[in-house]
Structures are given as structure tokens and as C-alpha cells.
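Below is one structure, written out as C-alpha cells; the observations come after it.
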Amino acid sequence: MAFEDLHLDRPLASTPPPSPPRRSAARWIAAVVAGIVAGAALMFWWMSRAQPGTAPPAPTTATDVPVASGRPKPQPIALPALDASDGLLRTLVSALSKNPTLARLLATKGVVRGAALAVVQIGDGRTPEEPFKALRPASHVAITGSASGPIDPASYARWNAAAGALTSVSPADAAQLYVNVKPLFDEAYIDLGHPGGNFDTAIARAIELLAETPDAPAGTALVRRSNYFDYTDESLRALTPVQKQFLLVGPDHRRAVLDWLRQFAAALDLPLN
């Protein structure tokens, strides 16, 4: 029934019209209620279809944002064969440093192979005596006693030239040079028995081992053996040979070398433990 069919604006007659039967009124009320319920249900159904629920945004994490690497990009250089690369390496390194000790090291035959072998041996805990023969000091370590005693601090100066040769090159420049010639180092690494051929792994391993070398307690004594010295401290005797040797360069040189190596690794974006 429409609203305009209800005569709400007309005055009441003097004689009221007869009341409709109760059953008709009940049916009318029931129809209105049913219509309201049906209309509400229809509206709810339409809204649920017309306005689909929005999916919650995917959670963002730090891994969603790419992190740019600071590793240098390889520059276009025509690389020679590995066994013919000495001249190139000497030219490239001499452009970065004129250090005479470094030049003496570069004058040896098989520069890349020797450097690769030295890094692998350090990572294995061995002293790279043969590859780094040119860096060996002319004098021997001295102690303040006859059979045993602390290291004479003056003997740390034996390593001034070797430490200076390394730190004479900027770590960032060394990183750029390395990525330029990395295929040569990867090839030498494969020839040393590492099929994966990623020399980055060897560099990180060697740096981590040297960084794990503990500081020697003050006054640590050495005992003289037939052809070498050893530590009287049991914990120092348990170190790898290259770590024992690293202690003998002295605390100042050790800090300088480790600082340089960490900067070099950072420039290459190499993760270290």
C-alpha cells in the first residue's frame, strides 16, 4: 500500500468508519515487516558484492628493499693468460704504489699464482713462507734472555717494510684492481684444487683467521728451540703457525694490517664472521 493512499491530510468524519477486521490488520503488519526484512537482506547482499573486501597489505620487511652493494664494478681490461699476467699485474700495482718492498715482491715470477697460494695457506693456518719470501726480514726475532724471555720490542721493527708495503696501497684502489683481474685469481684458485673458483671465499677465510689471533699478554715469553722460537704460554702454543707468526710482527703492525684488511673486505662487500 502506498503512502498517498492513506488519507492523513483529511479531517475526520463525524461518524468514524467501521474498523477493519483484526485479521486484515495483522496480515498488513506482517507484510510490512516481511518487506522491511527482505529489503534489508537485499541491500546487505548488494553491498557485499559491490564493495569487495580489500586484502590487507603484505607485510614489509627489510628484505623487501634491495640493498645496493658498494663493490666496485670491473673496468674493461683485456686480460692475458694467467701464466702471462705478471707484466700486467706489475703495471697495475706500480700505478698505485711505488713502495720498494712491494716492487720486490712483484718482481717474482707468477705473481697471481703466488698471491693466491699465500692467501689459501693463510686461510689454512700455514705460514706462506715461499710465496712471501721477498717480504721476509733480514734479521731474526730477538728475546731479552738467553734460553727464554720476552720479545725484545726493538725486533718488531723487522716488519716495518712488509707492513708498509701492504698499507702503501689504498684499500679501495686495491679492491678495484682485484675485481678487474679477478678471473685470473679465480683460475689460480681452481688450479689449487678449489672447483668453485670464487677467490672471494679464500680472501674472507684468510682475513677471518688472522682476525681471530688473540693479543699476547704483556710480558709473554718465548723459549728458544733448535731452529725456532715457541711460546711458553700454552694457549699461544695452540695457535696455528700463521697466527703465531702474526703475533711476532708486533701489536702496532698487527693492528695496521688488520685495519687495512677489514677496509679491503668492506670495499669488496665481503661478509666476515
- All but one of (1) under 18 Å from residue 154 (Cα atoms); (2) assigned to a helix (DSSP H, G or I) hold for residue 219, so report the exception by its number. (2)
- What are the residues in region 200-220 that are at pLDDT below 95 and buried (at least 17 other Cβ atoms within 10 Å of the Cβ), if any? 216
- Task: Pick out the one residue from 148, 139 that is more than 27 Å from residue 72 (Cα to Cα), free of Cβ contacts under 8 Å to residues at least 60 places away in the same chain and surrounded by fewer than 16 Cβ atoms within 10 Å (Cβ to Cβ).
- Result: 139
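Of all residues in region 233-252, how many are not β-branched (Val, Ile, Thr) and not in a helix (DSSP H, G or I)?
4
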- Item | Evaluation of residue 230 against (1) in a loop (DSSP other than H, G, I, E, B); (2) among the charged types (D, E, K, R); (3) more than 30 Å from the chain's Cα centre (by Cα) (one fails), failing number | (1)
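Quick one: count up the residues across region 101-119 that are part of a helix (DSSP H, G or I) and either under 26 Å from the mean Cα position of the chain (by Cα) or in contact (Cβ under 8 Å) with a residue 24 or more places away in the chain (or both).
Residues in region 101-119 being part of a helix (DSSP H, G or I) and either under 26 Å from the mean Cα position of the chain (by Cα) or in contact (Cβ under 8 Å) with a residue 24 or more places away in the chain (or both): 12 in total.
One line per residue, one yes/no per condition, for (1) over 17 Å from residue 141 (Cβ atoms); (2) touching a residue at least 12 places away in the same chain (Cβ under 8 Å); (3) exposed (fewer than 13 other Cβ atoms within 10 Å of the Cβ):
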| site | (1), (2), (3) |
| --- | --- |
| 222 | no, yes, no |
| 225 | no, no, yes |
| 229 | no, yes, no |
| 240 | yes, yes, no |
| 245 | no, yes, no |
| 253 | no, yes, no |
| 259 | yes, no, yes |
| 267 | yes, yes, no |
- Quick check: anything in region 121-130 free of Cβ contacts under 8 Å to residues at least 40 places away in the same chain and exposed (fewer than 15 other Cβ atoms within 10 Å of the Cβ)? yes
- So which residues in region 140-189 are farther than 30 Å from residue 232 by Cα and outside any helix (DSSP H, G or I)? 168, 169, 170
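Looking at 162, 202, 211 in this structure, which one is more than 27 Å from the chain's Cα centre (by Cα) and among the small types (Gly, Ala, Ser)?
Answer to the selection: 162.
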- Might you check whether a residue that is in contact (Cβ under 8 Å) with a residue 40 or more places away in the chain, within 21 Å of residue 240 (Cβ to Cβ) and surrounded by 15 or more Cβ atoms within 10 Å (Cβ to Cβ) occurs anywhere in region 177-185? no
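The values are calculated or read from the model by the stated rules, or taken from the named source; none is laboratory data. What you see is a predicted model; the values in this text were computed from it and never measured. Glycine also receives a Cβ, built like all others from the backbone with ideal geometry; neighbour counts cover every protein chain displayed.
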